[in-house]
């Protein structure tokens, strides 16, 4: 289960959240960010979750 709780309003991202949910370094592989395998898919989902957390559901 994730420790991110999505809200309508934007929420600040601290370094710990960034480190946990953001793939570093990001890669582009055959037209897909981070790769096409199952591991890459989970990384994309985590990054999307972090971005929605940061800008809020309403803006998304």
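The values are calculated or read from the model by the stated rules, or taken from the named source; none is laboratory data. Since the model is a prediction, treat every value here as computed from it, not as a measurement. Neighbour counts run over all protein chains shown; Cβ positions are idealised from the backbone, glycine included.
Tabulated results
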| quantity | calculated |
| --- | --- |
| Any pair with Cβ under 6 angstrom, 6 or more apart, that starts in the range 1-29 at a residue that is touching a residue at least 24 places away in the same chain (Cβ under 8 Å) and ends at one that is assigned to a loop (DSSP other than H, G, I, E, B) and surrounded by 12 or more Cβ atoms within 10 Å (Cβ to Cβ) | 6/57; 8/56; 8/57; 9/56; 10/56; 23/34 |
| Residue that is farthest from residue 54 (Cα to Cα), among those in the range 6-41 that are in contact with a helix residue (DSSP H, G or I) (Cβ under 7 Å, 6 or more places away or on another chain) and in a loop (DSSP other than H, G, I, E, B) | 34 |
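One line per residue, one yes/no per condition, for (1) under 12 Å from the mean Cα position of the chain (by Cα); (2) modelled with pLDDT of 90 or more:
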residue: 1; (1), (2): no, no
residue: 22; (1), (2): yes, no
residue: 31; (1), (2): no, no
residue: 34; (1), (2): yes, no
residue: 43; (1), (2): yes, no
residue: 50; (1), (2): yes, yes
residue: 59; (1), (2): no, yes
